[in-house]
Amino acid sequence: MHIFKTVAELEDHLSPLRSGGASIGFVPTMGALHNGHLALVNHAASENQLTIVSIFVNPTQFNNKTDLAKYPREIESDIAKLAETKCDIVFLPSEKEMYPEKTESVKIDLNGLDSVMEGAHRPGHFDGVATIVSRFFEIVKPTKAYFGEKDFQQLMIIRQLTKTLNLPVEIIGHPIERSAKGLALSSRNQLLSEADQSRSLIIWESLNWMQKNYTSYSPDTLYQAIKDRFEGSDLQLEYVHVVDENTLQPIDQWSNTEHARAFIAAFISGVRLIDNMQLF
Ligand code: AMP
């Protein structure tokens, strides 16, 4: 497994392989790797000749400075985990490599995909995501890039970005990897005690409950039932939404539910968790 820190080193290594026709699978991450990330790496390795993983905590997608400061960083153990997979190249760029002086933020029309949920609650977040992902695509020139459904809205936005900018990369989604009990794996989980991780299962339970029951209630009653559950818990609910998974716009009548997906964001002990589930 090669480790490169500069665009120039990476390009020197990749350019002859690209000319030889090697397909490149790319998995961008912010590190503190868990089995969710490693599943994306295995997915990429199963479909490409070369697998590249980047680790870069992208400052421009954090709208909250404390969140950025406390985001876990564990490069040594990340590299050790990747060495156990079929990853061929780890790319560890500095901020200077990713944001040379003239980098402009990517601002494109995302068809309303960025105006709801994470976009509404984390101002500027998706501009930061779009900018960094476009920059990575320009550097790596992947054949296929892999993104988790854990960040479903991000996946949809990257699909839209790729389409709008006509980028020659196929975007592949990967299902949410969960703990044995159901908690969606996340780098932020390790900022939580075992007890808080158990308490956070209310997110998974609420999504399951919605999946079983949503057609029996009006949307308002359904949302109220979820709010009531969280009221009696240690988590603060930020939002609960059921949206059409293609447009991400709210579904306010259950008559058209074949694309319904539920989303929850909640805080526990100052850590923000998100999760989602297809309802149909
Ligand atoms: P991050 O390091 O949080 O930026 O995540 C890097 C990639 O891994 C993103 O495409 C995430 O959606 C994906 N990912 C993170 N957690 C999970 C999970 N539990 N299951 C599937 N994919 C995930």
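The values are calculated or read from the model by the stated rules, or taken from the named source; none is laboratory data. These numbers were taken from a predicted model, which means no experiment stands behind them. Reconstructed Cβ throughout: ideal geometry from the backbone, glycine too, with neighbour counts over all protein chains shown.
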Of all residues making up the stretch 191-200, the number that are touching a Leu at 6+ places or on another chain (Cβ under 8 Å) and either of a type outside the set (D, E, K, R) or within 10 Å of the ligand (Cβ to nearest atom) (or both)
2
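Which of the residues spanning the stretch 160-190 are assigned to a helix (DSSP H, G or I), under 21 Å from VAL133 (Cβ atoms) and within 12 Å of the ligand (Cβ to nearest atom)?
Once the filter is applied, which keeps residues that are assigned to a helix (DSSP H, G or I), under 21 Å from VAL133 (Cβ atoms) and within 12 Å of the ligand (Cβ to nearest atom), the stretch 160-190 yields SER187, ARG188.
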Filtering the stretch 45-61 for residues that are of a type in the set (A, V, I, L, M, F, W, C), within 11 Å of the ligand (Cβ to nearest atom) and out of contact with any Pro (no Cβ under 7 Å at 6 or more places or on another chain) leaves a count of 3
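Sort through ILE157, ILE203 and tell me the only one that's of a type in the set (Val, Ile, Thr) and closer than 25 Å to ASP228 by Cα. Give the steps one after another, and end with the answer.
Values: ILE157 fails: closer than 25 Å to ASP228 by Cα.
None of the other options fit; the residue is ILE203.
Kindly indicate which of VAL90, VAL41 is within 14 Å of the ligand (Cβ to nearest atom), closer than 19 Å to GLU138 by Cα and modelled with pLDDT of 95 or more.
Values: VAL41 fails: closer than 19 Å to GLU138 by Cα.
Sole residue among the options that is within 14 Å of the ligand (Cβ to nearest atom), closer than 19 Å to GLU138 by Cα and modelled with pLDDT of 95 or more: VAL90.
Residue check: is TRP204 of a type outside the set (Asp, Glu), over 30 Å from GLU9 (Cβ atoms), modelled with pLDDT of 95 or more and within 12 Å of the ligand (Cβ to nearest atom)?
Numbers: of a type outside the set (Asp, Glu): yes; over 30 Å from GLU9 (Cβ atoms): yes; modelled with pLDDT of 95 or more: yes; within 12 Å of the ligand (Cβ to nearest atom): yes.
So TRP204 fits the description; yes.
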Output the qualifying pairs, or none if there are none: Cβ atoms under 8 angstrom, residues six or more apart or on different chains, first residue in the stretch 120-131 and over 16 Å from MET30 (Cα atoms), second residue aromatic (Phe, Trp, Tyr) and crowded, with 21+ Cβ neighbours inside 10 Å.
none
Name the strands (runs of 3 or more DSSP E) wholly inside the stretch 1-73 in which the number of residues that are touching a strand residue (DSSP E or B) at 6+ places or on another chain (Cβ under 8 Å), crowded, with 18+ Cβ neighbours inside 10 Å and of a type in the set (Asp, Glu) is 3 or more.
none
Filtered residue count, the stretch 190-217, keeping only those that are farther than 18 Å from GLU238 by Cβ, loosely packed, with under 15 Cβ neighbours inside 10 Å and either in contact with a strand residue (DSSP E or B) (Cβ under 6 Å, 6 or more places away or on another chain) or of a type outside the set (Phe, Trp, Tyr) (or both):
10
Considering the stretch 225-248 alone, what residues qualify as being surrounded by fewer than 14 Cβ atoms within 10 Å (Cβ to Cβ) and over 24 Å from LYS181 (Cα atoms)?
ASN246
The lone exception for ALA260 - which of (1) farther than 18 Å from ILE176 by Cβ; (2) without any contact (Cβ under 8 Å) to a residue 60 or more places away in the chain; (3) buried (at least 16 other Cβ atoms within 10 Å of the Cβ) it fails:
(1)
